[in-house]
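J.: Dumping the structure here so I can ask a few things about it.
Read-outs throughout are calculated quantities, based only on the coordinates presented, and are distinct from any laboratory measurement. This is a predicted model, so every value here is computed, not measured. Note that we place each Cβ from the backbone using ideal geometry, even for glycine, and neighbour counts take in every protein chain shown.
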Amino acid sequence: MQGAQTTLPLGSVVKERYIVEDLLGKGGFGAVYLVHDQRVRGNLFALKEVIDPNTEDKKRFAFEGEVLKRLDYPALPRVYRIFEDDGQYGDRLYLLMDYIEGPNLEQLRQRQPQKRLPLQQVMDIMTPIMGAVSYLHQQQPPIIHRDIKPANIIVPNDYKQSVLVDFGIAKEYDQEGTTTAIRRCSPGYGAPEQYARGTNVQTDVYGLAATFYALLTG
């Protein structure tokens, strides 16, 4: 990443429009920022980036954005724009989406005694997520998230509606074709077929079950 900073400095402006207010998260290929849109008063958004994307990164990022743009479900974030910027901070891809204020479920779990939650609280949090996964699987073709885990579930501060996030390794399932194995799944939450023959809708059922197990047992 020559010439590109790892993260954007606070106060920087992306595409002459989005002002970076805070760093929400950081990974090996980029970060997620809290930004506000200068053209829309009072509106806060989450801005996800990939730094110095290669061709495969661009395809995957574009797919994630196009998948989310056409979905409409309360427990899934809404995506508004996908764009590229090769300005002073290097070549970066961006995804502008809803900002959901609150911790992820892994952070919430770590704060609990014995790192586990009561059954009723788990059911309250996970019911919208199960609905979201069912909605994804009912699409034509079905959409498989492939990375369901507590860290990819945001629990808003008002506890009204948990949200399933991070579709970075999602894919549409072609029942007639062969799906390729993927090794980017999360240890402990990835189904066995993700390391071998490929994925299908049952892969997400495994991720849901593993998430329940972690939340209830610690």
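J.: Taking loop as defined by DSSP and a crowding limit of 16 other beta carbons within 10 Å, which trypsin sites (Lys or Arg not before Pro) in the range 61-92 fit?
T.: 70, 78
J.: Provide the gained length on full extension for the span residue 15 to residue 56, in nm with one decimal, where the gain is 0.36 nm per separating residue minus the Cα-Cα distance.
T.: Using 0.36 nm per residue and subtracting the Cα-Cα distance, I get 12.5 nm.
J.: Something else now. Over the alpha-carbon set of the range 4-150, work out the extent along each principal axis and list the three values in angstrom, largest first.
T.: The principal-axis extents, from largest down, are 49, 39, 32 Å.
J.: Order of 10-20, 142-152 by packing, highest average Cβ count within 10 Å first? It would help to have the intermediate numbers written out before the result.
T.: Numbers: 10-20: 14.7, 142-152: 22.8.
Per-residue mean Cβ counts within 10 Å order the peptides as 142-152, 10-20.
J.: Can I ask one more? Compute from the Cα atoms of the range 64-170 the Rg and the Dmax, the latter being the longest Cα-Cα distance, and quote both in angstrom.
T.: In Å, with Rg to one decimal and Dmax whole: 15.4, 49.
J.: Ranked highest first by the average count of other Cβ atoms within 10 Å around their residues, in what order do 110-121, 32-43, 128-139 fall?
T.: Packing order, densest peptide first, comes out as 128-139, 32-43, 110-121.
J.: Where the eigenvalues come from the Cα gyration tensor of the range 61-103, what are the semi-axes √(5λ) of the equivalent ellipsoid, largest first, in whole Å?
T.: Details: eigenvalues 103, 37, 9 Å².
Sorted largest first and rounded, they come to 23, 14, 7 Å.
J.: For the range 86-126, count the residues as N, evaluate 2.2 N^0.38 Å, and divide the Cα radius of gyration by that value, please.
T.: Values: Rg = 17.3 Å, N = 41, 2.2 N^0.38 = 9.0 Å.
Compared with the compact-globule rule of thumb, the range 86-126 sits at 1.92.
J.: I want to check the label-to-label distance for residue 120 and residue 70. Put each point 7 Å from Cα in the C-beta direction and report it in nm to one decimal.
T.: 4.2 nm
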